[in-house]
Amino acid sequence: MEEFITLAHGSGGRKTSELIGNLFKKYFANDYLTADDAAVLPGLSGRIAMTTDGFIVSPCEFPGGNIGKLSICGTVNDLACMGARPSYLTCSFVIEEGFPVAKLEEIAAAMAKTAKEAGVSIVAGDTKVAGRGQVDGVFITTTGVGLIEEGADLSGAYAKPGDAILVTGDVGRHGTTILLARDEYGIEADVTSDCAPLWGTVKSMLDETKDIHVLRDATRGGVGTVLYEIAEESGVGITINEADIPVDPAVAGVCGMLGLEPLYLACEGRLVVFAPKERAEALLKVLKQGKYSESAAIIGEVTDDHKGRVVVRTPIGSETLLPPPGGELLPRIC
Ligand code: MG
């Protein structure tokens, strides 16, 4: 195979078959992935969750992952947030002419590895090649279907006063990693993306209790944006304790230097959990034993007052409003 992707790889002809046969099939092979026009799948019996997401992260590889891993995690985690075990996934590539085949192979390998870990099969795909400059590197869209666990009933509208709020790990790592990978600030710090498939994390919580009201993955806008979304969707107030928010020291250092709020930096492997206060300690215990949630913490509670707003309680006991999400988010973070 050539070293670089050419427009012929997207022509639908021999070169496209070669690319699919030599590269994608090698990594994605499973019984459902055929040469037919659509995958034919065994039925899922029960409530089904379905979602789709596009990935355009720049740079397309970064400490802790690449766009391939991210494209699986993003969709799998959105399914998991509805209490759905990821079952099937499709992926669609738009590749820039001249993109190195070796890099594409790394991306496909990361997708296969992550899909395997998440227990999801890649059952259909599409490849298009765009001319130089018409896209930047590679863009991937994934669509996923999952079966919702019996007894799970989750929604951003279900937070209730008296709920405890947990995060499943330290916040802001993905955003900080991408920022440093772009090398625009000349800052060096040892930060890796938290990018991870979280069905296992969700399953362990659901096995502990189905009495969970909201799960949401804190992606683009970070945990701060999720808190505002839930306050709005559920019509409740939120109070968080500043001292309880887990932040990696290196992330805190970078944020300090650049004047950034870690609560507003993207995560790709963190969930915000709302559950009745009585369940919080048991959930925390389960999370602390998990592979991707050792640094989980209870960060606050849902209140009846200051509806629609997120209040931060400082270590000295004073309360300030968390500035609502606005403008300054980094582009092309996922
Ligand atoms: Mg989401």
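The values are calculated or read from the model by the stated rules, or taken from the named source; none is laboratory data. A quick note: this is a predicted structure, and the numbers were derived from the prediction, not measured. For neighbour counting, all protein chains shown are included, and Cβ atoms are generated from backbone atoms with ideal geometry for every residue, glycine included. Note: areas computed on protein heavy atoms with side chains; ligands, DNA, RNA excluded. Shrake-Rupley method; radii C 1.70, N 1.55, O 1.52, S 1.80 Å.
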Q. Which fully enclosed strands (runs of 3 or more DSSP E) of region 279-334 have 2 or more residues being at pLDDT 95 or above and within 19 Å of residue 229 (Cβ to Cβ)?
A. 297-303, 310-313
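Being within 13 Å of residue 67 (Cα to Cα), in contact with a Leu (Cβ under 9 Å, 6 or more places away or on another chain) and open to solvent by 20 Å² or more (accessible area, probe 1.4 Å) is the filter here, so list the residues in region 90-109 that pass it.
Start the filter on region 90-109 by keeping residues that are within 13 Å of residue 67 (Cα to Cα), which leaves 91-95, 103-109.
Pick out the ones that are also in contact with a Leu (Cβ under 9 Å, 6 or more places away or on another chain) and you get 93, 95, 104-105, 108.
Hit for region 90-109 is 105, nothing else.
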Q) Inside region 234-249, can you point out the residues that are crowded, with 18+ Cβ neighbours inside 10 Å and either in contact with a helix residue (DSSP H, G or I) (Cβ under 9 Å, 6 or more places away or on another chain) or over 17 Å from residue 315 (Cα atoms) (or both)? A) 234, 236, 237, 238, 240, 245, 247, 248
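Tell me yes or no: at least one residue of region 260-270 is in a helix (DSSP H, G or I) and free of Cβ contacts under 8 Å to residues at least 12 places away in the same chain. Can you show your working first?
Start the filter on region 260-270 by keeping residues that are in a helix (DSSP H, G or I), which leaves 262-264.
Filter once more, so that each one left must be free of Cβ contacts under 8 Å to residues at least 12 places away in the same chain: none.
Looking through region 260-270, none of the residues is in a helix (DSSP H, G or I) and free of Cβ contacts under 8 Å to residues at least 12 places away in the same chain.
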